[in-house]
Amino acid sequence: MTSDPRVAVIGLGYVGLPLAIAFAETGLDVQGIDISAARVATIRAGHSPIDDITDERLAAALASTLRIASQPDATLEAADVIFVCVPTPITPTKDPDLGPVLAAAGYIRDHVRAGQLVVLQSTTFPGTTVGPFREAIEASGLRAGTDFDLAFAPERVNPGDPASAARGVPRLVGGQTPAVTRRAATLLRRINDEVVELSSPDAAELAKLLENVFRNINIAFVNNLALLCERMGLDVWEVIDAAATKPFGFMRFTPGPGVGGHCIPVDPYYLSWRAREFDFIDRFIELAADINVAMPRHVVDLVGEALNDRGRALKGAKVGVVGVAFKPDVQDERNSPAADVLAGLAERGAEVRFHDPHVASFRDASGTVRTGVGLDGLLTWADVMVVVTPHRAVDWDLVYRSAELVVDTVNSSKDRPLRARQVLRLGAGWSSAA
């Protein structure tokens, strides 16, 4: 029998819900907790609010050992282990916002009991777990390392890829002491084949930031290369395809309209902010983040350039955007570059509508909320189409057969029959006749 048979998971989003279900599937008693009454009701009704969990899998977990509760109704004291899986956003000035993490810590403070293990999973800067998170819980009067255990085990969920939460993906964990690390690792080995034990929560926090900042930096590099290729009259997609034929020493990254999601556009600022507390200014990381942040403005400029080629101004033009989720084939719109693209187009006087098979309504960076429209109607209405997110569910043959003018930011037009100067591609320029 496991020494920690009762698990509570605070936060039932892309990280917390798969975690809760995975533990329930091993036979543990699991209580999933969320602050949103609407989300709790949705999950209790057997409807999964995220792409990576099917309704069938959720229903099976609910029929076994998974219980769902809102925070006021939860029985946190009964848990042996508490996982915290809440967002870690940034402020408008690009500083870390630990509000959700500290709110969860405050909730734990009011219910923590001696002997419990508390595991933070939210991506954050080194020093969070043993710093403000610990301090907030210790306001209960109990002390970490003496009365309760504390660890950090970062999530590695890739929205839209259910395999990223599967057993085969190694898990990292660092506890406040070696004994705590072993305790947390023993539990995590129920749902992961490999658990890597680190020396501290700080080391695990920095390892997670390294994973995501690595991606952000490389995306920034190819985005910058795309801008250079536009000036040189070269096709960045051809160049990347050519480089990717090397079987060693090269990792493929592709340019686009920016970066989105809950980690990639956020984590560089967590790391650079923490570095400044050590009098270390990491301009390299900040520059990469700034390059990616600037890409939506470049997309707006490309739309203006495409319309200018037709003797039209961006002001007063009808612009149709295809895809507003932050990545293909998901409904997740967090930090999507489409928010800045739509707001930038509207700011320059364009009338903007969008189509996304996975997103019904969308709030842009200016706060304007738009309702999605059908693809056929959008194609008939728009003066120019802008491809931001290449969902597989979109009828791309229809797009490129029907649209007179397209700005393609993700190379969705590759290998399609195109008319001369029909498509302006980010990093490649105008299409030629097929």
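Before moving on, here are some points about what is shown:
- For segment 293-309, 3J(HN,Hα) computed residue by residue from phi via the Karplus equation (6.51, -1.76, 1.60; θ = phi - 60°) reads 5, 7, 4, x, 5, 5, 4, 4, 4, 5, 5, x, 5, 5, 5, 4, 4 Hz, glycine and proline entered as x.
- Derived scalar couplings ³J(HN,Hα) [segment 5-22; Karplus, 6.51 cos²θ - 1.76 cosθ + 1.60; whole Hz; x for Gly, Pro]: x, 10, 10, 10, 10, 9, x, 10, x, 4, 9, x, 5, x, 5, 4, 5, 4
- Karplus 3J(HN,Hα) series, Hz, for segment 53-69 with 6.51 cos²θ - 1.76 cosθ + 1.60 (x for Gly, Pro): 10, 6, 4, 5, 5, 4, 4, 5, 5, 5, 7, 9, 10, 8, 10, 10, 9
- With the biggest extent put first, the Cα atoms of segment 222-268 measure 31, 29, 13 Å across the principal axes.
- Element breakdown for segment 309-390 at a 1.4 angstrom probe: carbon and sulfur atoms account for 45% of the accessible area.
- Surrounding net charge for Gly115, when Lys and Arg each add one and Asp and Glu each subtract one, Cβ distance under 15 Å: -1
- Using just its DSSP H runs of length 4 or more, each adding -39500 (n - 2.57), the chain gives a mean residue ellipticity at 222 nm of -11000 deg cm²/dmol after division by all residues.
- Taking the DSSP beta bridges with both ends in segment 279-434, the antiparallel portion is around 25 percent.
- Between segment 388-434 and segment 253-267, the alpha-carbon center distance in angstrom: 22
- The order of Phe278, Phe354, Phe326 by accessible area, most exposed first and with a 1.4 Å probe, is Phe278, Phe326, Phe354.
- One way to sum up the overall shape of segment 351-395 is the equivalent ellipsoid from its Cα gyration tensor, whose semi-axes run 17, 14, 10 Å, largest first.
- For segment 195-344, the normalised intensity computed at q = 0.14, 0.15, 0.21 Å⁻¹ comes to -0.83, -0.93, -1.37 (log10 of I(q)/I(0), Debye sum over alpha carbons, equal scatterers, no solvent).
- Solvent-accessible surface (1.4 angstrom probe) belonging to Ser432, in square angstrom, nearest 10: 90
- Look at the dipole of segment 176-217 built from charges on Cβ: of Ala184, Val196, Leu206, the Cα furthest out on the positive end belongs to Ala184.
- Candidate lysines for bridging to Lys318, where Cα separation is under 26 Å - those fewer than 8 sequence places away on the same chain excluded: Lys327, Lys414
- Point-to-point label distance, Phe280-Arg252, nm (Cα→Cβ direction, 7 Å offset): 3.4
- Placing Ile191, Ile35 in order of accessible area, with the largest value first and a 1.4 Å probe, yields Ile35, Ile191.
- Summing charges over all other residues whose Cβ lies under 10 Å from the Cβ of Gly141, with Lys and Arg as +1 and Asp and Glu as -1, gives 0.
- Probing with 1.4 Å while keeping every protein chain in the model, the per residue accessible area of the chain equals 43 Å².
- Rounded to 5, the percent of DSSP beta bridges in the chain classed as antiparallel: 15
- Computed over segment 274-424, the ratio Rg/Rh where both radii use C-alpha atoms and Rh is Kirkwood: 1.02
- The GluC sites (Glu not before Pro) of segment 310-419 meeting both criteria, a DSSP state outside H, G, I, E and B (loop) and at most 13 other C-beta atoms within 10 angstrom of the site's C-beta, are Glu404.
- Overall Cα dimensions of segment 341-434, principal axis frame, Å, largest first: 40, 27, 21
- A quarter of the convex hull surface defined by the alpha-carbon atoms of segment 9-84 gives 4.4 nm² as the mean projection.
- Formal net charge of residues neighbouring Gly46 (Cβ-Cβ distance under 11 Å; K, R +1; D, E -1): 0
- Evaluated at q = 0.08, 0.11, 0.18 Å⁻¹, a Debye calculation over the C-alpha positions of segment 57-201 (equal weights, vacuum) places log10 I(q)/I(0) at -0.23, -0.44, -1.18.
- For segment 38-188, the carbon plus sulfur part of the accessible surface works out to 55%, probe radius 1.4 Å.
- If only the Cβ of Lys and Arg carry +1 and only the Cβ of Asp and Glu carry -1, the dipole of the chain around its Cα centre is close to 420 debye.
- Per residue, the convex hull spanned by the Cα atoms of segment 124-214 amounts to 100 cubic angstrom.
- Length-normalised contact order of the chain in % [C-alpha pairs under 8 Å, at least 6 apart]: 11
- Pair-distance distribution of the chain: all C-alpha pairs, bin width 20 Å, starting at 0; shares per bin in whole percent are 24, 51, 23, 2.
- Angle between the chain longest axis and helix 201-232 axis [Cα atoms, degrees, rounded to 10]: 0
- Projecting the Cα atoms of Ala393, Ala338, Gly429 onto the dipole axis of segment 313-434, where Lys and Arg carry +1 and Asp and Glu carry -1 at the beta carbon, places Gly429 farthest toward the positive end.
- Rg and Dmax, both from the Cα atoms of segment 98-168 and both in Å, are 13.7, 41.
- Partners for Lys246 among aspartates and glutamates (Cα-Cα distance below 19 Å; same-chain residues under 8 apart left out): Asp235, Glu238
- Cα-based radius of gyration of segment 18-134 once divided by 2.2 N^0.38 Å, which approximates compact folds: 1.12
- Applying the criteria of a DSSP loop state and at most 10 other Cβ atoms within 10 Å to the GluC sites (Glu not before Pro) of segment 243-323 yields Glu277.
The values are calculated or read from the model by the stated rules, or taken from the named source; none is laboratory data. Just so it is clear, the model here is predicted, and its values are computed rather than measured. Don't worry about glycine lacking a Cβ; one is built from the backbone with ideal geometry, like all the others, and counts go over all protein chains shown. For accessibility, only protein heavy atoms count, side chains too; no ligands or nucleic acids. Shrake-Rupley method; radii C 1.70, N 1.55, O 1.52, S 1.80 Å.
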